[in-house]
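Accompanying notes for the structure given below.
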Amino acid sequence: QQFAIAFLFRNMPALVTGPIYLLVLLVATPFAFLTGKASAFVTTCSIGSTSCVNTSRRSSAAPALFSRSSDSAGGSSTATSAAAAAELTAASVIKLKKVLEREYITFFDPMEDSWYSPSVSFVDPMTELSGVDSYRNNVDMLAGRTLMGKILFEDAGINLHSVTGGEVSETAEGKVEIADITTRWTLKVTASVLPWKPTARFTGISVYKVVQDASSTNGVQIVGQTDYWDSVNLQPNSGGQFHTVEKSLAIEDFLSQLKPGGPKAQAAAPELPYELLRRGDGYEVRRYPPYVGVQLPYKRRDEGFGSLGAFTRGMDPLGPAIMFVENSDVSDKYMMWPLSYAMPGQAEAVTPQDAAAKAGDGQWRTMKIVSVPGPAVVAVRPFTDASMEPVVRNADRELRGLLDRDGLVPKAGSEAAVRFAQYDAIFSMGQRRGEVWIELEEEGSEGGHPWR
């Protein structure tokens, strides 16, 4: 691990690498806390291992009570007893999944120890831990509930996207088996110990190994956890399976988020909010709320920016500017600026009255108010070059290749146009921020994404 760190930082100034190196030494060994408390002990992760399959694609947070592999003829008392045990176990698993949801919401404060084996194993891409006490101490440090945590970190949080699995079955021999429980999550934490206070983000799955526990009133207990990061553990061209990797890759991924960035171009407007669902290798997946924007056809981007800027004077438009370019030589290009978005609990965004009154009339006759439905799950690939056509189309092709590699399916019809976003002002200086966007097939449809 130290060799990997030294290799990554060999060209960085000592004043920069020193604090990061110290931080990594402090957290690399007890790093399992970074993914909260949510996975299962898996010994191998080769293709085809059911423990590594993205089980979030399976439906229903609450599993069917149980299934039986076979029944003995005549319905013996032994079979009846086994069936009753399976039903009780299924009920316990449902309770356990609710416990996990509570723990995420509260960031494991408190941690409900009774559902964990005292010798529970925790494994993530960077380290391994054993025992409930070790785990609790580390998650408390991440959350800033210890002295060391207050020094190292701030603004830590974890967002639970789904809890799936845990189906209970009865074998022909009358043995009750519990399928792994899988959680899907996004975690962020800011390294306050570093002067520039970078924020590291991790997304992935955690898999629980759960067994019956006749010695407690809970009926089941967690005996192991394995965490997988989307950024390093996704098996290429496997349909979304996860596998183990060398720890050096995970360390490199962590360190890449701690490096200070260079000068960036000035943002044109506050950013349209989104929920990060995946931080993958070369792309992100986000969930955007429904929003309302003003749209116009354009020939040159600078002219489009100027016209939209004049239209929205006195309003509070949002970024980014979103462009649509159809794959046709005779089609118009369109630019949109978001104006408002739906708040949590709202089905749609409210259209600003002043924008609705002006659009389509007089000098604003080419302006159109557009309502974008949602929530929409969108894959995003960044680029830093100017948003010229060859750059944008190449980024779109690259993103489609990455989605195919990781088992994600673009929404039908998305190939008919390129959609890209520009965050910075049109003539700003510094590193630019551009992205291509591709909406994904909806969850539950054939080939749909795994996020609910």
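Among the residues of region 205-250, those identified as among the small types (Gly, Ala, Ser) and farther than 20 Å from Glu87 by Cβ are Ser206, Gly224, Ser231, Ser238, Gly239, Gly240, Ser248, Ala250. Kindly indicate whether any position in region 48-60 is touching a helix residue (DSSP H, G or I) at 6+ places or on another chain (Cβ under 8 Å) and either buried (at least 20 other Cβ atoms within 10 Å of the Cβ) or modelled with pLDDT under 50 (or both). Taking every residue of region 48-60 in turn, none turns out to be touching a helix residue (DSSP H, G or I) at 6+ places or on another chain (Cβ under 8 Å) and either buried (at least 20 other Cβ atoms within 10 Å of the Cβ) or modelled with pLDDT under 50 (or both).
Kindly check whether there is at least one residue in region 371-383 that is more than 27 Å from Glu415 (Cα to Cα), open to solvent by 80 Å² or more (accessible area, probe 1.4 Å) and either among the basic types (Lys, Arg) or part of a loop (DSSP other than H, G, I, E, B) (or both). Checked region 371-383: no residue is more than 27 Å from Glu415 (Cα to Cα), open to solvent by 80 Å² or more (accessible area, probe 1.4 Å) and either among the basic types (Lys, Arg) or part of a loop (DSSP other than H, G, I, E, B) (or both). Screening Ser387 on (1) under 18 Å from Gly293 (Cα atoms); (2) crowded, with 19+ Cβ neighbours inside 10 Å shows it passes everything except condition (1).
One residue stands out in region 292-311 among those that are touching a residue at least 12 places away in the same chain (Cβ under 8 Å) and of a type in the set (Lys, Arg): the one that is most open to solvent (accessible area, probe 1.4 Å), namely Lys299. The set of residues from region 397-412 being open to solvent by 50 Å² or more (accessible area, probe 1.4 Å) and small (Gly, Ala, Ser) comprises just one member, Ala412. Looking only at residues in region 61-105 that are under 36 Å from the mean Cα position of the chain (by Cα), of a type in the set (S, T, N, Q) and open to solvent by 60 Å² or more (accessible area, probe 1.4 Å), which one is modelled with the highest pLDDT? Restricting to residues being under 36 Å from the mean Cα position of the chain (by Cα), of a type in the set (S, T, N, Q) and open to solvent by 60 Å² or more (accessible area, probe 1.4 Å), the top hit is Ser67.
If you go through region 424-452 and keep only what is within 22 Å of Arg278 (Cβ to Cβ), out of contact with any Leu (no Cβ under 8 Å at 6 or more places or on another chain) and open to solvent by less than 20 Å² (accessible area, probe 1.4 Å), you end up with Gly434, Glu435, Trp437, Pro450. Scanning region 312-339 for residues that are crowded, with 21+ Cβ neighbours inside 10 Å and within 16 Å of Lys358 (Cβ to Cβ) turns up Pro317, Met336, Trp337, Leu339.
Limited to region 164-174, what total is found for residues that are in a loop (DSSP other than H, G, I, E, B) and either at pLDDT below 95 or open to solvent by less than 30 Å² (accessible area, probe 1.4 Å) (or both)?
5
Counting the residues of region 370-399 that are out of contact with any Pro (no Cβ under 9 Å at 6 or more places or on another chain) and more than 30 Å from Gly430 (Cα to Cα) gives 1.
Within region 112-123, the set of residues being farther than 17 Å from Ser216 by Cα and either in contact with a Pro (Cβ under 7 Å, 6 or more places away or on another chain) or open to solvent by 10 Å² or more (accessible area, probe 1.4 Å) (or both) comprises Ser121, Val123. On the stretch given as region 95-108, residues that are part of a helix (DSSP H, G or I) and without any contact (Cβ under 8 Å) to a residue 60 or more places away in the chain total 4. Reported count of residues in region 109-127, each being closer than 29 Å to Lys175 by Cβ and not in a helix (DSSP H, G or I), is 9.
For (1) touching a strand residue (DSSP E or B) at 6+ places or on another chain (Cβ under 9 Å); (2) among the acidic types (Asp, Glu); (3) within 20 Å of Met323 (Cβ to Cβ), each residue gets a yes or a no:
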{"site": "Pro195", "(1), (2), (3)": "no, no, no"}
{"site": "Gln212", "(1), (2), (3)": "yes, no, no"}
{"site": "Glu275", "(1), (2), (3)": "yes, yes, no"}
{"site": "Gly280", "(1), (2), (3)": "yes, no, no"}
{"site": "Leu296", "(1), (2), (3)": "yes, no, yes"}
{"site": "Arg300", "(1), (2), (3)": "no, no, yes"}
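On the stretch given as region 175-184, residues that are open to solvent by 30 Å² or more (accessible area, probe 1.4 Å), of a type outside the set (A, V, I, L, M, F, W, C) and in a loop (DSSP other than H, G, I, E, B) total 1.
Within region 128-148, if we keep just the residues that are assigned to a helix (DSSP H, G or I) and over 24 Å from the mean Cα position of the chain (by Cα), the residue that is surrounded by the fewest Cβ atoms within 10 Å (Cβ to Cβ) turns out to be Leu147.
The values are calculated or read from the model by the stated rules, or taken from the named source; none is laboratory data. Everything numeric here is computed off the predicted structure, so don't read it as measured data. A quick note on method: Cβ atoms are made from the backbone with ideal geometry, for glycine too, and the neighbour counts reach across all protein chains shown. Accessible surface areas use protein heavy atoms only, side chains included; no ligands, DNA or RNA. Shrake-Rupley method; radii C 1.70, N 1.55, O 1.52, S 1.80 Å.
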